[in-house]
Amino acid sequence: MALSVSMTVNGKAVTVSVAENALLVDVLRQTLNLTGTHVGCDTSQCGACTVHVNGRSVKSCTMLAAQADGAEVTTIEGLAAADGTLHPMQAAFKEHHGLQCGFCTPGMVMSATDLARVNPTASEDEIREWLEGNICRCTGYHNIVKAVKDGLGAMSATRQAAE
Amino acid sequence: MYSFEYQHPKTVADVAAVLASDPDAKVVAGGMTLIPTLKQRLAMPSALVDLRDIAELRGVRADGDTIVIGAMTPHADVAYDATVRDRIPALAHLARHIGDAQVRNRGTIGGSIANADPAADYPAAVVGLNATIVTSTREIAADDFFTAMFETALEEGEIVTAVRFPVPKRAGYAKFKHPASRYAVVGVMVAETAGGVRVAVTGAGPSVFRVAEMEQALAGSFSPDALAGISVPADGLNSDIHASADYRAHLVTLMAKRAVVAATG
């Protein structure tokens with residue numbers, strides 16, 4: 001049997017037919033072709049699959065697509081502007097070389113943008129604590145933390161400019 | 001994952017009806033333990049009954065001298081709730097250090113205590129603060145709720161709907177966390193409550209337990225020094241690659257002292 005799941009993904013309304021036991025990450029990647037969200041460990045530990053569901057970071061490998069019915073989902077593809085201008089957090093990762101192989105990056109960026117919601121002026125220690133659910137196998141944490149710190153600042157500046 | 005049906009009833013009564021009609025159905029709250037368990041094919045429920053649509057199960061409210069937390073309230077909401085931070089900061093602190101940020105955004109208090117993982121944080125809060133567990137059919141005192149490893153007093157078909165925490169005079173929580181999972185290798189909640197001092201230990205044994213000798217010592221003098229020389233026997237404590245039973249016994253006293261410091265700080 002299959003379920004009909006309606007979500008808003010990166011601002012676009014979609015309705016997909018999914019198996020009851022389909023994971024959100026598999027529907028994002030395989031049905032919606034949003035392959036920016038990665039599957040690293042597939043055991044809820046590494047955070048490469050992090051997306052936002054109703055504005056909060058979650059591990060999409062540990063959530064059923066059925067559970068996202070009616071939800072607003074944002075993936076890494078939903079951050080940049082329509083003209084390709086990077087989101088301030090993405091720009092900060094580029095600027096600070098906050099990635100090596102890049103596999104963990106989508107999850108890192110999605111976690112970092114959720115930190116802006118909870119603690120927009122996070123200290124370096126608080127950033128490290130927040131990123132406990134994201135593992136970088138290249139161990140490039142120093143530059144990631146620098147990028148997040150700058151990205152948070154840039155997001156605040158963008159918000160202030162908009163107000 | 002094996003296949004299963006998926007249901008999301010709108011009321012607690014409807015959940016009870018589904019569970020009564022299908023003994024192999026399983027309730028899913030945040031799914032932070034259940035979904036990984038399903039992925040490893042360690043469970044084969046006929047149906048998942050998701051509580052996500054039942055609005056009354058979600059949220060934090062103050063009710064006189066108690067804080068009532070709905071079963072479906074995620075850890076993050078407890079951690080950042082202004083009332084919890086103001087009235088029971090030790091509980092907010094505990095919730096803020098469960099798992100990681102993504103887990104705290106999905107995992108719920110009801111799911112955590114119904115699962116009764118021996119290394120989970122919430123059991124220490126529930127027992128240490130002498131909370132009352134409100135279920136679909138009755139109220140259960142914290143001391144009667146956790147019965148064994150992954151076992152609770154919940155009957156078949158009974159679900160947790162809320163947890164009611166009396167506001168303590170003061171309380172503190174300290175844990176020695178597993179560095180990868182952030183589960184408690186040992187976690188201790190110390191609280192001075194209306195009914196006396198309570199010391200509840202998670203992570204160390206098969207299930208959360210109280211330490212009467214520490215409670216008596218702290219009733220005499222609420223200071224870390226009062227705990228010097230008091231230790232729990234290592235017999236029956238958990239022993240694994242992360243920590244031996246002897247080491248856990250040592251950590252119980254150490255974490256209890258730190259919890260007292262946190263409560264008085």
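Numbers below:
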| quantity | calculated |
| --- | --- |
| Number of positions in the range A:38-52 that are in contact with a strand residue (DSSP E or B) (Cβ under 7 Å, 6 or more places away or on another chain) and either at the interface with chain B (Cβ under 8 Å from one of its Cβ atoms) or in a loop (DSSP other than H, G, I, E, B) (or both) | 4 |
| Checking B:TYR2 against (1) without any contact (Cβ under 8 Å) to a residue 12 or more places away in the chain; (2) part of a loop (DSSP other than H, G, I, E, B), the condition it does not meet | (1) |
| Matching helices (runs of 4 or more DSSP H) fully within the range B:13-92 where at least 3 residues are over 16 Å from the mean Cα position of the chain (by Cα) and in the same structural domain as B:THR108 (by TED's automatic domain parsing) | B:82-87 |
| Evaluation of A:MET155 against (1) part of a loop (DSSP other than H, G, I, E, B); (2) over 20 Å from A:ALA48 (Cα atoms) (one fails), failing number | (1) |
| Pairs with Cβ under 7 Å, 6+ apart, first in the range B:96-109 and more than 9 Å from chain A (Cβ to nearest Cβ), second polar (S, T, N, Q) | B:THR108/B:THR73; B:ILE109/B:THR73 |
| Filtered residues of the range A:91-140 (kept if of a type in the set (Ser, Thr, Tyr) and more than 14 Å from every other protein chain (Cβ to nearest Cβ)) | A:THR105, A:THR121, A:SER123, A:THR139 |
| A:SER4, sole failed condition from (1) open to solvent by less than 50 Å² (accessible area, probe 1.4 Å); (2) within 14 Å of chain B (Cβ to nearest Cβ) | (1) |
| Odd one out for A:SER156 among (1) surrounded by fewer than 14 Cβ atoms within 10 Å (Cβ to Cβ); (2) at pLDDT below 95; (3) more than 20 Å from A:CYS46 (Cβ to Cβ) | (1) |
| Enumeration of residues in the range A:79-95 that are within 25 Å of A:VAL27 (Cα to Cα) and buried (at least 19 other Cβ atoms within 10 Å of the Cβ) | A:LEU79, A:HIS87, A:GLN90 |
| Top-ranked residue in the range A:14-31 [being open to solvent by less than 40 Å² (accessible area, probe 1.4 Å) and farther than 24 Å from B:ARG41 by Cβ; ranked as nearest to the other protein chains (Cβ to nearest Cβ)] | A:VAL16 |
| Candidates B:LEU38, B:LEU57, B:LEU91, B:LEU48, filtered to the one that is more than 9 Å from chain A (Cβ to nearest Cβ), closer than 29 Å to A:ALA19 by Cβ and not polar (S, T, N, Q) | B:LEU57 |
| Residue within the range B:48-64 that is crowded, with 22+ Cβ neighbours inside 10 Å and without any contact (Cβ under 8 Å) to a residue 24 or more places away in the chain present | no |
| Count - residues of the range A:123-134 that are part of a loop (DSSP other than H, G, I, E, B) and crowded, with 19+ Cβ neighbours inside 10 Å | 1 |
| Residue in the range A:98-122 that is farthest from the chain's Cα centre (by Cα), counting only those that are part of a helix (DSSP H, G or I) and more than 21 Å from A:LEU34 (Cβ to Cβ) | A:VAL118 |
| Identity of the residue in the range B:1-15, surrounded by 17 or more Cβ atoms within 10 Å (Cβ to Cβ) and out of contact with any Asp or Glu (no Cβ under 8 Å at 6 or more places or on another chain), that ends up nearest to B:ARG41 (Cα to Cα) | B:MET1 |
| Elements of type strands (runs of 3 or more DSSP E) in the range B:164-265, at least 1 residues being charged (D, E, K, R) and open to solvent by 30 Å² or more (accessible area, probe 1.4 Å) | B:170-177, B:184-193 |
| Qualifying positions in the range B:71-88 - more than 14 Å from every other protein chain (Cβ to nearest Cβ) and touching a residue at least 40 places away in the same chain (Cβ under 8 Å) | B:ALA71, B:ARG87, B:ILE88 |
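The values are calculated or read from the model by the stated rules, or taken from the named source; none is laboratory data. A quick note: this is a predicted structure, and the numbers were derived from the prediction, not measured. Positions of Cβ are backbone-derived with ideal geometry, glycine not excepted, and every protein chain shown enters the neighbour counts. These area figures cover heavy atoms from the full protein model, side chains too; ligands, DNA and RNA do not enter into them. Shrake-Rupley method; radii C 1.70, N 1.55, O 1.52, S 1.80 Å.
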